[in-house]
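The values are calculated or read from the model by the stated rules, or taken from the named source; none is laboratory data. This is a predicted model, so every value here is computed, not measured. Positions of Cβ are backbone-derived with ideal geometry, glycine not excepted, and every protein chain shown enters the neighbour counts. Surface accessibility is based on the protein's heavy atoms, side chains included, excluding ligands, DNA and RNA. Shrake-Rupley method; radii C 1.70, N 1.55, O 1.52, S 1.80 Å.
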Amino acid sequence: AERIAFMKNTLGATLSPADAYNLIRGLKTLSVRFDRQSENTLKIIEFLEKNSAVKTVHYAGSYSPEEKSIQNSQASGIGALISLELNEKYDYKIFAKSLELFDLAVSLGGVESLICHPASMTHESYSPQLQAQIGITQGLLRLAVGIENSDDLIADIAQAINKAKI
């Protein structure tokens, strides 16, 4: 008990009662929330892949048949994270700023939809050479898809694409 008390005090590795309650409460609805996020993600991917403004869409298993096989062996879906690049006739900055339902943030796993610009946010500290080597382009955008209505999310993406046309 003394060792656990020491580790708790030193590392802060225990949750407060309120945090523990919220964790338990959140776990009870996790599968429902994730099912909704996964459904939304698939609908958004379908919309993006059919849209001529979009150059590429990346998601778990989309890189190659081998990657898809690995993804399918490890998970029952693709998750709620996708990346995209608009073609050269569209300004990615205007697109990101024009979104109304997607907040600009790097967080993942919440119930809200988010957009991130990896080159200036999550991978900003990487050299331009390393960014290029690992596929982080200036036009790459990452979407963390939430539980909002999928039609609303797609309409928001569509209006932002229209505003981003150069």
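Is there a residue in the range 44-53 that is hydroxyl-bearing (Ser, Thr, Tyr), assigned to a helix (DSSP H, G or I) and either open to solvent by 80 Å² or more (accessible area, probe 1.4 Å) or free of Cβ contacts under 8 Å to residues at least 60 places away in the same chain (or both)? The answer is no, given that none of the residues of the range 44-53 is hydroxyl-bearing (Ser, Thr, Tyr), assigned to a helix (DSSP H, G or I) and either open to solvent by 80 Å² or more (accessible area, probe 1.4 Å) or free of Cβ contacts under 8 Å to residues at least 60 places away in the same chain (or both).
Residue pairs whose Cβ atoms lie under 7 Å apart, sitting 6 or more positions apart in sequence or on different chains, and linking a residue in the range 8-33 that is closer than 18 Å to Gly146 by Cβ to a partner that is open to solvent by less than 70 Å² (accessible area, probe 1.4 Å) and not in a helix (DSSP H, G or I), are Arg33/Val111; Arg33/Ile147. Just to be sure I understand, how many residues within the range 89-104 are in a loop (DSSP other than H, G, I, E, B) and either without any contact (Cβ under 8 Å) to a residue 24 or more places away in the chain or touching a Lys or Arg at 6+ places or on another chain (Cβ under 7 Å) (or both)? Total meeting the criteria: 1.
Out of the residues in the range 55-85 that are more than 19 Å from Glu39 (Cα to Cα) and under 17 Å from the mean Cα position of the chain (by Cα), state the one that is most open to solvent (accessible area, probe 1.4 Å).
Among those that are more than 19 Å from Glu39 (Cα to Cα) and under 17 Å from the mean Cα position of the chain (by Cα), it is Tyr63.
Restrict the check to the range 132-148 and report whether at least one residue is open to solvent by 20 Å² or more (accessible area, probe 1.4 Å), among the hydrophobic types (A, V, I, L, M, F, W, C) and not in a loop (DSSP other than H, G, I, E, B). Looking through the range 132-148, at least one residue is open to solvent by 20 Å² or more (accessible area, probe 1.4 Å), among the hydrophobic types (A, V, I, L, M, F, W, C) and not in a loop (DSSP other than H, G, I, E, B).
Quick check on the range 110-122. Is at least one of its residues open to solvent by 90 Å² or more (accessible area, probe 1.4 Å) and either assigned to a loop (DSSP other than H, G, I, E, B) or not aromatic (Phe, Trp, Tyr) (or both)? Before the answer, list the steps.
Filtering the range 110-122 down to residues open to solvent by 90 Å² or more (accessible area, probe 1.4 Å) leaves none.
Scanning the range 110-122, I find no residue that is open to solvent by 90 Å² or more (accessible area, probe 1.4 Å) and either assigned to a loop (DSSP other than H, G, I, E, B) or not aromatic (Phe, Trp, Tyr) (or both), so the answer is no.
For Ala164, the stated conditions do not hold, so it cannot be described as out of contact with any helix residue (DSSP H, G or I) (no Cβ under 8 Å at 6 or more places or on another chain), in contact (Cβ under 8 Å) with a residue 60 or more places away in the chain and either surrounded by 14 or more Cβ atoms within 10 Å (Cβ to Cβ) or under 18 Å from Phe34 (Cβ atoms) (or both). Residues of the range 1-47 that are in contact with a helix residue (DSSP H, G or I) (Cβ under 7 Å, 6 or more places away or on another chain), at pLDDT below 95 and among the hydrophobic types (A, V, I, L, M, F, W, C): Ala13, Leu15.
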